[in-house]
Amino acid sequence: MRAAKSAYPLTWRIMDALEAFAAFVWPARFGRAIPWLMLAPALLLVGLLVLGLWLIGDASLRTLDTSTFLMSETYTLANYRRAFTESLFAVVAWRSLAGSLMVTAATLILAFPYAYVMVRTSSPVIRKLLLIALFLPFFIGQVVRAYGWLIILGNQGMVNEALSLVGIAPIRLLYNYWAVLFGLVQYMLPFAVLMLAPALTAIPEELEAAAGSLGADWLRTFRHVVLPLARPGLVGAGLVVLTLSLTDFAMPAILGGGSQDFIANAIYDQFFRTSDQGLGSTLALLLVATGSLLVGLVFTLFGAGTLAMGRARQ
Amino acid sequence: MMPVVLNGSSIKAKSEEAGVAVSVKAVNMVYDGVHAVRSASFDLEAGKFLTILGPSGSGKTTLLRLIAGFQRPTSGEIFINGAAVSAVPPHRRSIGMVFQKLALFPHMTAAENVAFPLKMRRSDARDIPARVERYLDMVRLGGYGARRVHELSGGQQQRVAIARALVFEPDLLLLDEPLAALDRKLREEMQLEFRRIQRELGVTTINVTHDQREALVVSDEIIVMDGGEIQQKARPAETYRSPSNAFVANFIGVTNFLDAQGGERRAIRAEKIRIAATRDGLAGTDMIVEGLVVDAIFEGERVVYEVRVASLGDALLRVFDHDPSAHSQLEAGSAVCLGWAASDVLEFKP
């Protein structure tokens, strides 16, 4: 049977041997374990995070002894009492919460047309330009960008220089609430656009043409067809922008100049200025709770399915 | 199911005028350097079912989109019920359209889809549910109104799309190859459905397809397009029997091109050729050639022969034998005689 042997080339036999070896090392019945194995690294990371949260929870129940700079041995709710009664924290919390909600609304309103044009334009040049303009700020980073705004908006900055040319006295543009929100919106815009673009791509252009032929002008097409179908993208982008700006540190620190602290800045102060780990942990936990509550609220209002998860939406 | 009687009085009145519903005059469309439609002109009588037939890239879809208003012609003008519409945006034209991919709104139920054009056109809200119900009944989807689009089968989705395009009683119905994606059985069923609904409502309809069978089955008139130009506009039987040029002859039906004589091309349809083992079996034909069977394909109701004919420059002729049971099937390799009547030969000027 020489012919049969030559019809079964050497390379095949090598592959067979390799396959047999692989089956010996990793029998097929182990196959069911593969998904869990692939999940393991991520689960481990999340697990570590839970451990950290538990330690923070522990610290939040101890007060700082200002004479010895040691944490108390016994558990007390004193930190929580301070966080809820001292007006400074209420101001900071309200500033962060209201600020992040405004930033979210403004970002979504600005990001939607940007993403829409980027997805729908028939000109590849325009699409590329929009993409470059979107990604460039990503390479620069948040802190450098904030400094950029200092240069542009400062008392001797470009804007005030330009104003002085037409005889307007310098305006204080920095170190106020609106400067922080402005910086945040500018920072969040690429995130929102990147999350909206796939959602808009998923809406067939033909649906808009159909709405037009059925009697809807562009405004009603937008309201009755595009907007409802873009909801998963809007919810996702909104969640990302909301949580990122609620927990932001750099923009309030740099553009707020210490006068416009968000919760993250207050936590930083407790940990690294007054070294009060207990109060810092308490504020951190309250921030986590607020964020989770907001996300939970969005999910109850719009349903977790709006993020196009699960099999229900085809 | 009971036939549904619609009080589409406005549509009936329009068709009774029997005027010209759509008039395309010297329309050209050039984009991205491509001359997609070249000086297309035709008139369509109200209430007629017109099919624009052509291969992909023939400009048929572009012509339809121009009529729908999604694109503006580079030159020329389109008239609907006598009014020039080039400057009118789609949502101000009274045109119902069924799209290739149907374009049903996935976040709405079947009934909400059908109600959409009525809401957009600000119909009296109290009349909408009854109207929607009536049109769902018309497409035999009564009781399916509450279903979401993805809960419906392909054929049911087609019907929702038809109901949605017709519920606001448009002046004109456009069909952009909506049947192309269906399997053959469902497609043929829906073709008849389109025909039935179109006759019932009397709505002027323009259908675009590359399926010659569909064009022949459903249409009052067929426009054949190629290379952006209208090749022929005629009734289906006329298009088939006397194609205006070689392209039309080749595109509709199975056509054998014979030798060219003095620049004139001659052709014979596959079903006009008779085949027999000897000349004796070809009584009544006046053109007889001898050939060799290359292939014989049994298709049930007919046998398709491919016959090589030496006297025609080794041309491969396709022959339909529609009564294969009358004599035994001829095998590949056997010598045969082909015959046809000289009056069946199609002749085309170059």
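The values are calculated or read from the model by the stated rules, or taken from the named source; none is laboratory data. The structure presented is a predicted model; accordingly, all values stated were derived computationally and were not measured. With ideal geometry, Cβ positions are generated from the backbone for all residues, glycine too; neighbour counts draw on all protein chains shown.
Conditions (1) of a type outside the set (F, W, Y); (2) away from chain A (no Cβ under 14 Å); (3) touching a Gly at 6+ places or on another chain (Cβ under 7 Å); (4) closer than 28 Å to B:P90 by Cα, marked per residue:
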position	(1), (2), (3), (4)
B:E200	yes, yes, no, yes
B:I206	yes, no, no, yes
B:Y240	no, yes, yes, no
B:V254	yes, yes, no, no
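Taking the range B:175-194 as the search range and keeping residues that are of a type in the set (A, V, I, L, M) and in a loop (DSSP other than H, G, I, E, B), which one is farthest from A:A210 (Cα to Cα)? Per the stated criteria, the residue is B:L182. Using the structure shown, decide if A:W12 is over 37 Å from the mean Cα position of the chain (by Cα), over 30 Å from A:L246 (Cα atoms), surrounded by 10 or more Cβ atoms within 10 Å (Cβ to Cβ) and at pLDDT below 90. Against the criterion (over 37 Å from the mean Cα position of the chain (by Cα), over 30 Å from A:L246 (Cα atoms), surrounded by 10 or more Cβ atoms within 10 Å (Cβ to Cβ) and at pLDDT below 90), A:W12 does not qualify.
So that you can scan it fast, the table gives a plain yes or no per residue for (1) more than 20 Å from B:E221 (Cβ to Cβ); (2) over 24 Å from the mean Cα position of the chain (by Cα); (3) of a type in the set (S, T, Y); (4) modelled with pLDDT of 95 or more:
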site: B:L53; (1), (2), (3), (4): no, no, no, yes
site: B:G82; (1), (2), (3), (4): no, yes, no, no
site: B:V88; (1), (2), (3), (4): yes, yes, no, no
site: B:K101; (1), (2), (3), (4): yes, no, no, no
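Restricting the range A:221-235 to residues that are surrounded by fewer than 19 Cβ atoms within 10 Å (Cβ to Cβ) and within 18 Å of A:T300 (Cα to Cα) leaves a set whose member that is nearest to the other protein chains (Cβ to nearest Cβ) is A:P228.
For the range B:280-293, filtering for residues that are in contact with a Phe, Trp or Tyr (Cβ under 8 Å, 6 or more places away or on another chain) and part of a strand (DSSP E or B) leaves 2. Across the range B:217-245, the number of residues qualifying as aliphatic (A, V, I, L, M), surrounded by 19 or more Cβ atoms within 10 Å (Cβ to Cβ) and out of contact with any Ser or Thr (no Cβ under 6 Å at 6 or more places or on another chain) comes to 4.
Each row is one residue, and each column tells you yes or no for (1) farther than 24 Å from B:A215 by Cβ; (2) of a type outside the set (S, T, Y); (3) away from every other protein chain (no Cβ under 14 Å).
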residue	(1), (2), (3)
B:T61	no, no, no
B:Q100	no, yes, no
B:F105	yes, yes, no
B:A115	yes, yes, no
B:R122	yes, yes, no
B:D127	yes, yes, yes
B:L136	yes, yes, yes
B:G142	yes, yes, yes
B:Q156	yes, yes, yes
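Kindly indicate whether A:V185 is surrounded by 19 or more Cβ atoms within 10 Å (Cβ to Cβ) and in a helix (DSSP H, G or I). Judged against the criteria, A:V185 is a match.
For the range B:142-174, filtering for residues that are assigned to a helix (DSSP H, G or I) and among the charged types (D, E, K, R) leaves 3.
Apart from one condition, B:F168 fits all of (1) more than 14 Å from chain A (Cβ to nearest Cβ); (2) within 26 Å of B:T62 (Cα to Cα); (3) not aliphatic (A, V, I, L, M); the exception is (1).
Taking the range B:262-299 only, how many residues are more than 25 Å from B:F348 (Cα to Cα) and touching a helix residue (DSSP H, G or I) at 6+ places or on another chain (Cβ under 6 Å)? Qualifying residue count for the region: 1. Considering only residues in the range B:176-197 that are more than 14 Å from the chain's Cα centre (by Cα) and of a type outside the set (D, E, K, R), the one that is surrounded by the most Cβ atoms within 10 Å (Cβ to Cβ) turns out to be B:I197.
Out of A:A210, A:A192, one residue alone is of a type in the set (G, A, S) and within 14 Å of chain B (Cβ to nearest Cβ). It is A:A210.
Among the residues of the range B:150-162, those that are under 20 Å from the mean Cα position of the chain (by Cα) and under 22 Å from B:L118 (Cα atoms) comprise B:Q158, B:R159, B:A161, B:I162.
The single residue among B:G313, B:G263, B:G300, B:G284 that is within 22 Å of B:P243 (Cα to Cα), surrounded by fewer than 10 Cβ atoms within 10 Å (Cβ to Cβ) and not assigned by TED's automatic domain parsing to the domain that holds B:T239 turns out to be B:G263.
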